[in-house]
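First comes the structure, then the notes that go with it.
The values are calculated or read from the model by the stated rules, or taken from the named source; none is laboratory data. Owing to the predicted nature of the structure, the values given are computational and were not obtained by experimental measurement. For neighbour counting, all protein chains shown are included, and Cβ atoms are generated from backbone atoms with ideal geometry for every residue, glycine included. To get the accessible areas, we keep the full protein, side chains included, count just its heavy atoms, and leave off ligands, DNA and RNA. Shrake-Rupley method; radii C 1.70, N 1.55, O 1.52, S 1.80 Å.
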Amino acid sequence: MKESQHHQIKHLTYVASISQSDAVRRAISRIKGQPLDEKNAIGQGWEITHPLLQGTTLKIHLLTTLQAITPHLRQNPVDLLIYDERGDDAIEANAALTQIRKDVKSFAELWGPDFLFPLSRVAIILDAKKARENHQTQAARAFELGRFNVRDVCIAPDRTVIVLKWLHQLLTADTGKQKRIGVAMSGGGLEGFLYQLGVTYALERSLSGKSLRDADVFSGVSSGSIASTLLATNVPIIELIKAMHGRSEMIQPFTSSTIFDIASSNIFSRVIRESITWKGLDPIKWIKQILKAIPTGFFKGENLRAYARHCIEVSGGQDSFESLKKELYIGGTDMDSFEHVVFGQAPWDKIPLSEAIYASCALPLVFVPNELNGRWFIDGQITKTCNLELVVERGCDLIFIIDPVKPLGSLIPGSVDKKGGYYALIQTIKALVYTRFHSVLSHLTERYPTTDFMVFQPDEDVAQMMAGSPMRYRIRTQVIAMAYQQTMRQLRERHKVYRAKLKNYDMNLLSIEDLKEVESKDATFFAELAQGSV
């Protein structure tokens, strides 16, 4: 049995008043906690091993003010936050939780969804004296705290061993469960796919041990269905990047014609069919018939299907869900019922992967709907962002989320209006998808507090470059390279938090120095790619 399966390191943040913090320090000293040697740490830290923890090691940080919580979260992993309301100078638990909830919400809005910290990762130690002062029973106070959705409440423990047993129970509830890894990708058109290539390549270059393609569950919607399928079928990401520039010796060149194959016969037949029914000179009837003559898609997607099949087969895979060794789910939208359908789940697990990909990508007016088993399907992102709920329900404990759909915000009034209606429409759609994603992620973070999420979304510079049409092919090198660079920067900035998370799943993040070295080497690769010399 691997060490990671029977020995765990858990990160605990203990928040106590100044008067109570002395008692906490004495308790840690009695159980022989070893001071952590950390530079620039907020609060004092210890490493604790104890027979009552049954093989679990605690890394605990002591904070003496609520204002220190969010700066601490910025730099440190936190599996459980304990708030101890004991002490004459301590804030009462309800008031403290109200402040914590407000602070962590603002913190996530500032730093991004990676920093969503649910109150279901908070536990409370109640003070018997405060209950008497408020003329409440401890049971009533514990029940009242339930509205905050806290993990648990411990009522006035009088011995350290009680606290240790309580913490062990809270932190090891999922011990023995097989840890599963998931990948969830949303859409964003061609640019979204390019962004996903850059992020995925950065993650592949930054991890040792298990890699992203070793995940147990893959989910993709819209252009994310392409990237997730290619990962699940072990298509080399670096060869895909080279193929975007016609430089791969393994994979055929990806060109604009791969996606832009005009559906001329479909367009012509529709126009003829509707035009011959025009009767009389009534302008209202003419307008109705003209609107009906507009095709539901201008591109037929046959080249996209063929390219997906080629990539899968040249890498040794087969164009079917049944042949996969991993779980793969692709989201599509039924064009008539607007029901979200998951390909890869019965009864939609018998169709070819390439057909599922095209159905998931068939954005109305751009691509012709895909007819499968008597139903017509269009872009899956119309009804779901990335099927994140499904990945969580499939038992994944660590989920990588790659979501290219982020609107470009501006503080300048009228800046969107100046760029015209098409630009405004694209930004509106992105905003709707972005808001829906954050709502779902916030809900799942609170409901599944032991699940770790790592979220990769465009920063302002990348969002600026991707702010126009999502189907631009000519900026492929810039999108891939900037997505790669942003991801490497994010991995360095959040290194301590990410490294601790990944270690629990046998995934090892390279040191900051090694990440810089890898990025330096890859800068040459991207430069040569842009110049056509790779």
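Things to note:
- Residue under evaluation Phe218, criteria (1) in a helix (DSSP H, G or I); (2) modelled with pLDDT of 95 or more; (3) surrounded by 24 or more Cβ atoms within 10 Å (Cβ to Cβ), criterion not met: (1)
- The condition of being in a strand (DSSP E or B), touching a residue at least 60 places away in the same chain (Cβ under 8 Å) and among the β-branched types (Val, Ile, Thr) does not hold for Val161.
- One residue stands out in the range 71-95 among those that are open to solvent by 30 Å² or more (accessible area, probe 1.4 Å) and part of a helix (DSSP H, G or I): the one that is farthest from Thr451 (Cα to Cα), namely Ala95.
Rundown of residues vs (1) assigned to a helix (DSSP H, G or I); (2) touching a residue at least 24 places away in the same chain (Cβ under 8 Å), yes/no style:
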{"residue": "Phe143", "(1), (2)": "yes, no"}
{"residue": "Cys154", "(1), (2)": "no, yes"}
{"residue": "Pro157", "(1), (2)": "no, yes"}
{"residue": "Tyr201", "(1), (2)": "yes, yes"}
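- Qualifying residue in the range 393-404 (condition: among the small types (Gly, Ala, Ser), over 27 Å from Ile429 (Cα atoms), surrounded by fewer than 16 Cβ atoms within 10 Å (Cβ to Cβ) and in contact with a Ser or Thr (Cβ under 9 Å, 6 or more places away or on another chain)): no
- The condition of being of a type in the set (Ser, Thr, Tyr), open to solvent by 50 Å² or more (accessible area, probe 1.4 Å) and more than 29 Å from the chain's Cα centre (by Cα) holds for only one of Thr137, Thr98, that being Thr137.
- Residue that is surrounded by the most Cβ atoms within 10 Å (Cβ to Cβ), among those in the range 474-489 that are more than 17 Å from Ser520 (Cβ to Cβ) and of a type outside the set (A, V, I, L, M, F, W, C): Arg476
- Candidate set from the range 504-534 (those that are of a type in the set (Val, Ile, Thr) and either closer than 14 Å to Tyr201 by Cα or assigned to a loop (DSSP other than H, G, I, E, B) (or both)); member that is nearest to the chain's Cα centre (by Cα): Val518
- Those helices (runs of 4 or more DSSP H) of the range 298-394 in which 3 or more residues are farther than 26 Å from Phe260 by Cα occupy 388-393.
- Being at pLDDT 90 or above and either open to solvent by 60 Å² or more (accessible area, probe 1.4 Å) or in a helix (DSSP H, G or I) (or both) is a property that holds for Arg436.
- Note on the range 221-234: among residues that are under 19 Å from Gly301 (Cβ atoms) and hydrophobic (A, V, I, L, M, F, W, C), the one that is surrounded by the fewest Cβ atoms within 10 Å (Cβ to Cβ) is Ala227.
- All conditions in (1) of a type in the set (D, E, K, R); (2) without any contact (Cβ under 8 Å) to a residue 12 or more places away in the chain; (3) touching a His at 6+ places or on another chain (Cβ under 8 Å) hold for Asp37, with the sole exception of (3).
- Selection within the range 6-25 - of a type outside the set (S, T, N, Q) and over 20 Å from Ile124 (Cα atoms): His6, His7, Ile9
- Residue ID - farthest from Lys503 (Cα to Cα), chosen from residues in the range 181-199 that are outside any helix (DSSP H, G or I) and open to solvent by less than 10 Å² (accessible area, probe 1.4 Å): Gly187
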